[in-house]
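Single-structure report; data block below.
Read-outs throughout are calculated quantities, based only on the coordinates presented, and are distinct from any laboratory measurement. Remember, predicted model here, so these are calculated numbers, not experimental data. Positions of Cβ are generated from backbone atoms using ideal geometry, with glycine treated the same way; all protein chains shown enter the neighbour counts.
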Amino acid sequence: MGNFSTEDIKELKSRLPIVEELMAKKLELQRNIPSYTDKKIQRAIKVLENLNTSIDFFERLSFADQEALDTLINFNFYHQNNRFQSMAKRRLTNINTDHWPQGMLSCLSWKNLPLIKTVEDYAVIPLIIQNLRPRTIIEIGSGSGASALWMADHLQINNINGKVYSIDIHPASFENKSIEFIKGDAKQIEYLIPKKMALDLPHPWLIVDDAHQTIQSVLAYFEPLMHIGDYVYVEDSFKQQEIIGEFLMIKKNSFLVDTFYTDFFGRNSVSAKNSILKKIK
């Protein structure tokens with residue numbers, strides 16, 4: 001962390017207008033939905049805007065600021081170099097890079113729609129669909145609608161007679177016979193998928209929470225309506241460990257973490273840290 005010099009920062013600061021323009025174009029292609037990496041870059045841009053490089057600034061930077069600047073330096077490096085390079089140049093280039101599971105220069109896509117998923121989630125969620133064969137998928141947070149479409153297509157690929165219900169304050173505008181986009185705030189989930197409707201939804205269920213703000217209300221509402229064997233997949237949950245843990249303690253571990261999926265590429269390699277949950281009672 002903090003693998004940069006004062007000269008690196010001065011050069012980056014001089015290129016700030018160019019970098020901001022590159023980020024604006026990237027976000028436009030993503031329908032203004034930032035990835036985790038984008039948020040780091042946006043943080044770094046704010047740090048640079050307020051950074052006085054005429055003084056010793058290193059010790060004033062927080063760990064998160066240093067991490068963000070590292071990411072921005074790499075983002076800038078890749079934009080300054082050609083996409084297609086000789087192997088010799090690659091071997092001679094000395095740059096330390098992190099793993100950017102949601103993509104550095106671009107996010108993933110599905111049918112030309114931006115799909116803000118980590119590459120690990122991109123592999124594991126279809127595997128769960130294949131193995132669980134859910135009849136109902138409830139998605140919290142629709143984004144561009146790519147994720148709902150992607151999961152609906154995987155239902156079809158696996159010959160599963162199922163449907164995706166995707167909830168967002170700003171739902172996607174396209175129509176698909178295997179998807180129902182529901183407009184609303186998932187903090188009031190009981191009004192969006194009322195109990196009467198939920199009781200008619202066929203099982204198994206796969207609930208995918210990617211809203212980051214609603215997991216407590218989502219778990220509390222759906223837990224008594226779920227059947228043994230249903231799954232919950234909480235994306236980007238590294239900051240929600242206490243909330244999820246407290247809920248599971250209250251419910252006396254009616255869910256267990258399915259480590260086959262969370263650790264598929266290594267311990268907690270997916271974004272759903274300790275939060276691919278199977279209902280067991």
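Averaging sequence separations of C-alpha pairs under 8 Å and six or more residues apart, then dividing by the length of the chain, give the relative contact order as a whole percent.
It comes to 13 percent, rounded to a whole number.
Over 10 Å intervals from 0, what percent of Cα-Cα pairs in segment 109-279 sits in each interval?
For segment 109-279, the binned pair fractions read 10, 42, 40, 8, 0 percent.
Rounded to whole Hz and in sequence order, give me ³J(HN,Hα) for segment 108-117 from the Karplus expression 6.51 cos²θ - 1.76 cosθ + 1.60, θ = phi - 60°, writing x for Gly and Pro.
5, 8, 9, 6, 6, 10, x, 10, 8, 10
How many nm separate the modelled label positions at Gln156 and Asn81, each set 7 Å beyond the Cα in the direction of the Cβ?
4.0 nm
Which of Arg43, Arg90, Arg15 moves most in a GNM of the chain, Cα contacts under 10 Å?
Residue with maximal mean-square fluctuation among Arg43, Arg90, Arg15: Arg90.
Order of 204-214, 141-151 by packing, highest average Cβ count within 10 Å first? Working shown, then result.
On the way: 204-214: 21.4, 141-151: 24.3.
With the highest mean Cβ count within 10 Å placed first, the list reads 141-151, 204-214.
In the Gaussian network model of the chain, springs joining C-alpha atoms below 10 Å, which of Glu49, Glu67, Glu223 carries the largest mean-square fluctuation?
Result: Glu49 has the largest fluctuation of those listed.
Could you compute the FRET efficiency for His227 and Lys177, with r as their C-beta to C-beta distance and R0 at 25 Å, rounded to 0.05?
Values: r = 25 Å, r/R0 = 1.00.
Result of the calculation: an efficiency of 0.50.
Please list, ordered by chain and number, the residues whose modelled amide H lies under 5 Å from the amide H of Val208; skip anything fewer than 5 residues away on the same chain.
Ile138, Glu139, Ile140, Tyr233
What translational diffusion coefficient, to the nearest whole µm²/s, does segment 65-161 have by Stokes-Einstein, given a Kirkwood radius computed over alpha-carbon pairs, a temperature of 4 °C and 1.567 mPa s viscosity? Working shown, then result.
Values: Rh = 16.1 Å.
Rounded to a whole number, D works out at 80 µm²/s.
Taking R0 as 25 Å, what FRET efficiency do you get between Phe264 and Asp98 from their Cβ-Cβ distance, rounded to the nearest 0.05?
Step by step, r from the Cβ atoms, then E = 0.75.
Please state the relative contact order of segment 130-281 as a whole percent: Cα pairs under 8 Å, 6+ residues apart?
Values: 277 pairs, mean separation 31.0, N = 152.
So the answer I get is 20 percent.
Note down the net charge around Phe181, summing +1 for each Lys or Arg and -1 for each Asp or Glu among other residues with Cβ under 12 Å from its Cβ. Provide the component values of the computation, followed by the final result.
Values: positive: Lys163, Lys183; negative: Glu139, Asp168, Glu175, Glu180.
Result for the neighbourhood of Phe181: -2.
Could you work out the local net charge near Phe264, counting Lys and Arg as +1, Asp and Glu as -1, over the other residues with Cβ closer than 11 Å to its Cβ?
That works out to -3.
For an R0 of 41 angstrom, estimate the FRET efficiency from the Cβ-Cβ distance between Lys46 and Tyr122 and round to the nearest 0.05.
Efficiency at R0 = 41 Å is approximately 0.90.
In sequence order, what are the phi-derived ³J(HN,Hα) couplings for segment 245-262 according to the Karplus relation 6.51 cos²θ - 1.76 cosθ + 1.60 with θ = phi - 60°, rounded to whole Hz, with x for glycine and proline?
Couplings: x, 5, 4, 5, 5, 4, 8, 6, 6, 6, 10, 10, 6, 8, 6, 4, 8, 4 Hz.
May I ask you to give the average projected area over all directions of the convex hull of the Cα atoms of segment 6-103, in nm² rounded to one decimal? List each step's numbers first, then the result.
Values: hull surface 28.1 nm².
Averaged projected area of segment 6-103's Cα convex hull equals 7.0 nm².
Can you give the percent of C-alpha pairs in segment 218-281 whose distance is more than 20 Å?
Of the Cα pairs, 20 percent sit more than 20 Å apart.
For the chain, what is the mean residue ellipticity at 222 nm derived from helices alone (per DSSP H run of n ≥ 4: -39500 (n - 2.57); sum divided by total residues; nearest 500 deg cm²/dmol)?
-12500 deg cm²/dmol
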